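Notes follow once the structure below has been shown.
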Amino acid sequence: GLETGSNVVSSAVPNVRPPAAVTLNEADGVSFTRVTLDWSRSADLDFAAYRVYRNLTGAVDASDELVAEITDRETHFLVDDGLTENTEYFYRVYVRDTAGFTTPSNERGIRTRNQAPAAVTLNSGGSVTASGVTLSWSASNAADFKGYRLFRSQSSGVTTGSTLVVEINNRSDTSFRDLGLTAGTTYFYRVFVDDDGPESIATGSNTISVTTSGTAP
């Protein structure tokens, strides 16, 4: 019953199998400028890193922007900050092993919250005549700009229910001449900036008053 062992021989098993994919969950927290991501934990023995990629069009792959590389297996979450409001971002998490093989997760499209556009400043009316006035305002800097709407009323409470004078969709077109007015009459104006969110938000400027020249009929 005696036995004697031989010498020991080691043999490296080649790594030919990519790691298992993880599951990217629905976003847990979304604000105007940040998204909180989390995904399932990788159980691969030769785990090396999680790589999070992002783009704006979908079909995310490893040629897109690398948001983060996380080498701690237990850190399977990420806060992606500095984003643009009312914008849809697409994400995918790649698991990388020590041999360099990678496997992508499912893809998630996440839209940041829609923030109301900043108000523009409506300047005092110019070139006032008996029947017309030129209105001008500062340009909107909203990333999701959709258009300007100029409203007019004969009372100071100008709202989007007042008379729509003009709708302008070009950001750089920041003036308009309103014609067909009545002489000797006071008009109130306000410009609203619209964004192009799923539910459009409008922000109103200050209100100005203009009295046309001449005598009211």
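Using all C-alpha to C-alpha distances in the chain, build P(r) with 5 Å bins and read off the rounded percent in each one.
P(r) over the chain, rounded to whole percents: 1, 7, 12, 12, 10, 7, 7, 6, 6, 6, 6, 5, 4, 3, 2, 2, 1, 1, 1, 1, 1, 0, 0, 0, 0, 0.
When all alpha-carbon pairs of segment 48-101 are counted, what percent fall beyond 15 Å?
49
So what is the relative contact order for the chain, in percent, with contacts set as C-alpha pairs under 8 Å and at least six apart?
Relative contact order of the chain: 18 percent.
Report the relative contact order of segment 165-212, percent, no decimals, based on alpha-carbon pairs under 8 angstrom and at least 6 residues apart. Before the final figure, lay out the partial values.
Values: 43 pairs, mean separation 17.6, N = 48.
Reported as a whole number, the value is 37 percent.
Using a 1.4 angstrom probe, figure out how much accessible area the chain has per residue, in square angstrom, rounded to the nearest whole.
Counting only protein heavy atoms, the per-residue value for the chain is 55 Å².
Using 0.36 nm per residue of separation minus the Cα-Cα distance, give me the extension gain between Q154 and N25 in nm, one decimal.
Extending this stretch completely gives an extra 41.1 nm.
Relative to the Cα centre, what is the charge dipole magnitude of segment 64-217, using +1 at the beta carbon of each Lys and Arg, -1 at the beta carbon of each Asp and Glu, and rounding to the nearest 20 debye?
Approximately 880 debye in magnitude.
With a 1.4 Å probe and all protein chains left in place, how much of the accessible area of segment 1-127 comes from carbon and sulfur atoms, in whole percent?
48
Taking R0 as 45 Å, what FRET efficiency do you get between A202 and T71 from their Cβ-Cβ distance, rounded to the nearest 0.05?
Working: r = 47 Å, r/R0 = 1.03.
Working from the Cβ atoms, E equals 0.45.
Toward the positive end of the charge dipole of segment 4-108, about the Cα centre and with charges on Cβ (Lys, Arg +1; Asp, Glu -1), which of S31, I70, P18 goes farthest?
Of the listed residues, the answer is P18.
Could you work out the relative contact order of segment 68-137, using alpha carbon pairs under 8 angstrom and six or more residues apart, expressed as a whole percent?
23
Starting from the exponent 0.38 and prefactor 2.2 Å, build the expected Rg for segment 57-150 from its residue count and divide its actual Cα Rg by it.
1.87
So, taking all protein chains as they sit and a 1.4 Å probe, how much accessible area belongs to I208, in Å² rounded to tens?
Number for this one is 20 Å².
Using a simple spin-label model with points 7 Å from Cα along the Cα→Cβ vector, what separation in nm is obtained for D81 and D173?
The two pseudo-label positions are separated by 4.1 nm.
The values are calculated or read from the model by the stated rules, or taken from the named source; none is laboratory data. Keep in mind it's a predicted model, so treat the numbers as computed, not measured. Using ideal geometry, Cβ is built from the backbone for each residue, glycine included, and neighbour counts are taken over all protein chains shown. Accessible surface is based on the protein model in full, side chains and every heavy atom, while ligands, DNA and RNA are left aside. Shrake-Rupley method; radii C 1.70, N 1.55, O 1.52, S 1.80 Å.
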